Amino acid sequence: MLWARRKRPDAYEPRDTLTSLAFGLGSTLAGGLFGAAVLAMAFWLYQWRLFDFGPQWWAVWWAWPLCFVLDDLAYYWFHRFAHRVRWFWAAHVNHHSSQHYNLSTALRQSWTSFFALAFLFRIPIVLLGFHPLMGLFVGAINLIYQFWIHTEAIGRMPRWFEAVMNTPSHHRVHHATNPLYLDRNYAGTFIVWDRMFGTFQREQDSERIRYGIIRQLGSFNLLWAVFHEWAAMGQDFWRAPWRHKTSYLWRPPGWSHDGSRETSDMIRARWLEREKMKQGASLAAQDERSAGEENPA
Amino acid sequence: MLAWLAYRWNLGGDIRIRDEAHARELADDTICGFEAIDVALDRGRIGALLRSPNGQVMLIRRHGAKFAGRLLDGHIHTRLDRTQLTLATSEKHFGQITLDLGEAAQHWAASLRRIGG
């Protein structure tokens, strides 16, 4: 905020910050409440683990970094599904509901991720044999890592760091609504997953970033920000013809049975088409100009 | 405390729509590819109405230090008071806004009534 005061006063907005803080408080309470249930379930599942690190699992030093990397991979897939399946998106959209991108935005964590079954993505780690407490610890470190990258105050990190780690630059792309940036950079800590699975997009200096969601809320109402997508999904489910009802739950956000709305893929495709046409027109104009210069009337 | 600091330091500022080009840019941000043939700016520059070639009308309005927009549909509620046009979309949480459009207010009110059926 000190940086914003001196250089970018528009980077923070009082009501937006207040909503973000309230989001953080609510998600902490929800996390405490439902986190205990998830941990209890993890302990129960742990009895069917594939590998056993023994009773002194905490003393196996290499299990910690390995668990961190695998948990980050699991996070990548959770995050990708959270953007590509509306059921998960209804919970995750909370994190993208601000039109600002600052450290307070990072506090906008979901209140309903338990209800959305987000914990399913953590089960494989436990079934592999990593102790639930180890999973909890590395998950917490991952979440803490992601806090500092929610800023416009940092431009680019050193090249080697940008190549491996998730950074403010990479995550700005993730929070952007620009067609070029939609549904890109799902990484938690390591950006390498996006590079591996084809979802990486570099931040372009020429592209002015707009943050938030495609259909901006236009409201600072906390409860509306938390539950709006669940409400919209419920309405779509209710109104849809029977054979399309479940599609509104598992297809990408923006999908509609009558084609009246657009998914992020459709928006990007349309934008790319437009960019191509613009480029074509500018090349044609250039050709015309050079032809005129060569053959003056 | 942090929100209070943001308020005390006047963060966010007083953002306005600069001109028609800015309004068009905001409309394109709202719906990629939205091209306006007609633009009406509020006198205080806190909102704008834009019409596309196929008759769609978009409302852009200030939201904190940013802008948010909506395509207006048949469920819009309008009220005209001389040069001031009050608009409320079907979304309760998007709120209502009163735009001072000068002489253009009547013309826009009429066209919005047509959308409303």
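What whole-number distance in Å separates the alpha-carbon centres of the range B:49-117 and the range A:111-163?
43
Compute the accessible area per residue over the range A:59-122, keeping the other protein chains in place, probe 1.4 Å, unit Å².
Details: 2400 Å² over 64 residues.
Here the residues of the range A:59-122 average 38 Å² of exposed surface.
So for the pair B:R18, A:Y145, with labels modelled 7 Å out along Cα→Cβ, what separation do we get in nm?
Between B:R18 and A:Y145, the label points sit 3.9 nm apart.
Given the options A:S219, A:S256, A:S282, state which has the largest fluctuation in a GNM of chain A using a 10 Å cut-off (strictly under) for Cα springs.
Evaluated over chain A, the most mobile residue of the options is A:S282.
For the protein assembly as shown, just say rounded, prolate or oblate: build the C-alpha gyration tensor, square-root its eigenvalues into a ≥ b ≥ c, call rounded for a/c under 1.5, and beyond that prolate if a/b exceeds b/c, oblate if not.
Numbers: a/c = 1.86, a/b = 1.58, b/c = 1.17.
Note, shape of the protein assembly as shown comes out prolate.
Using the beta-carbon distance between A:F115 and A:Q286 and R0 = 56 Å, what value does 1/(1 + (r/R0)^6) give for FRET efficiency, to the nearest 0.05? Don't skip to the end; give the middle numbers.
Values: r = 55 Å, r/R0 = 0.99.
Computed FRET efficiency for A:F115 and A:Q286: 0.50.
Can you give the FRET efficiency to the nearest 0.05 for A:V164 and B:N10, using r as the Cβ-Cβ distance and R₀ = 51 Å?
Working: r = 39 Å, r/R0 = 0.77.
Given R0 = 51 Å and the Cβ-Cβ separation, E is 0.85.
Counting only residues 5 or more places away or on other chains, whose amide H sits under 5 Å from the amide H of A:F190 once H atoms are built in the peptide plane?
A:N166
When the scattering of the range A:41-130 is computed by the Debye formula from its Cα atoms alone, each counted once and equally, what is log10 I(q)/I(0) at q = 0.20, 0.24, 0.25 Å⁻¹?
-0.98, -1.16, -1.21
Cα centroid distance between the range A:241-258 and the range A:12-59, in Å?
Spelled out, the Cα-based centre of one part sits 31 Å from the other.
Nearest 10 degrees, 0 to 90: what angle lies between the long axis of helix B:20-30 and the longest principal axis of chain B (Cα atoms)?
It is inclined by approximately 80 degrees.
For the range B:2-112, what % of the accessible area comes from carbon and sulfur atoms, probe 1.4 Å? Walk me through the intermediate numbers first.
On the way: 2460 of 5410 Å².
Carbon with sulfur: 45 percent of the solvent-accessible area.
For B:L112, A:L29, give the ranking by accessible area with the largest first, probe 1.4 Å. If you can, show how the numbers build up before the last one.
Values: B:L112 0, A:L29 125 Å².
From most accessible down to least: A:L29, B:L112.
For helix B:104-116, report the angle its Cα long axis makes with the longest principal axis of the Cα atoms of chain B; keep it between 0 and 90° and round to the nearest 10°.
70
Using the beta-carbon distance between B:Q106 and A:A59 and R0 = 60 Å, what value does 1/(1 + (r/R0)^6) give for FRET efficiency, to the nearest 0.05? It would help to have the intermediate numbers written out before the result.
Numbers: r = 80 Å, r/R0 = 1.33.
Efficiency, rounded to the nearest 0.05: 0.15.
Run the numbers for A:N221 and A:I154: contour at 0.36 nm per residue of separation, minus the present Cα-Cα distance, in nm. Walk me through the intermediate numbers first.
Details: separation 67, 0.36 × 67 = 24.12 nm, distance 2.96 nm.
Taking A:N221 through A:I154 to full extension adds about 21.2 nm, to one decimal.
Tell me whether the range A:156-292 comes out rounded, prolate or oblate; compute the Cα gyration tensor, take square roots of the eigenvalues as a ≥ b ≥ c, and use a/c under 1.5 as the rounded threshold.
On the way: a/c = 2.18, a/b = 1.31, b/c = 1.67.
Oblate, since a/c reaches 1.5 and b/c is not below a/b.
Tell me, Kirkwood radius of the range B:2-112 from alpha-carbon pair distances, in Å? Write down the numbers at each step before the final one.
Values: mean 1/r = 0.0690 Å⁻¹.
In the range B:2-112 this quantity evaluates to 14.5 Å.
How high is the relative contact order of the range B:2-112, in percent, counting Cα pairs under 8 Å that sit 6 or more residues apart?
Relative CO of the range B:2-112 lands at 19 percent.
When a/c reaches 1.5 or more, the comparison of a/b and b/c decides; with that in mind, is the range A:139-217 rounded, prolate or oblate per its Cα gyration tensor?
Rounded.
Can you give me the long-range amide H partners of A:Y211? Hydrogens built in the peptide plane at 1.01 Å from N, cutoff under 5 Å, separation of 5 or more residues or another chain.
Correct list: A:T177.
What distance in nm lies between label points placed 7 Å from Cα along the C-beta direction at A:D265 and A:K278?
2.4
Between A:F53, A:F227, A:F121, where does the largest GNM mean-square fluctuation fall for chain A, given springs only between Cα atoms within less than 10 Å?
Result: A:F53 has the largest fluctuation of those listed.
Helix hunt in chain A: which complete DSSP H runs extend at least 24 Å axially by C-alpha with mean Kyte-Doolittle at least -1.0?
Numbers: long enough: A:14-45 (44 Å, 1.12); A:63-84 (31 Å, 0.16); A:222-239 (26 Å, 0.19); A:264-294 (45 Å, -1.18).
Helices meeting the span and hydropathy rule in chain A are A:14-45, A:63-84, A:222-239.
Among A:A225, A:A284, A:A40, whose mean-square fluctuation peaks in a Gaussian network model of chain A (Cα, cutoff 10 Å)?
A:A284
In nm, give the distance between the simple-model label positions of A:R15 and A:H244, each being 7 Å from the Cα along the Cα-to-Cβ direction.
Each label point is offset 7 Å from its Cα along the Cβ direction, giving 3.5 nm.
Between B:D38 and residues 5 or more places away or on another chain, which pairs have amide H atoms under 5 Å apart, with H built 1.01 Å from N, and which residues are they?
B:R51
Please list A:E229, B:E25 from largest to smallest accessible area, probe radius 1.4 Å, with all protein chains kept in place.
On the way: A:E229 25, B:E25 75 Å².
Highest to lowest solvent-accessible surface, that is B:E25, A:E229.
Interface A/B, total buried accessible area with a 1.4 Å probe, nearest 100 Å²? Spell out each step's value before the answer.
Details: alone 16920 and 7350 Å², together 21750 Å².
Buried surface at the A/B interface: approximately 2500 Å².
The values are calculated or read from the model by the stated rules, or taken from the named source; none is laboratory data. Just so it is clear, the structure is predicted and the values come from calculations on it, not from any experiment. A quick note on method: Cβ atoms are made from the backbone with ideal geometry, for glycine too, and the neighbour counts reach across all protein chains shown. The protein model used for the area step is the full one, side chains on, heavy atoms only, and it has no ligands, DNA or RNA in it. Shrake-Rupley method; radii C 1.70, N 1.55, O 1.52, S 1.80 Å.
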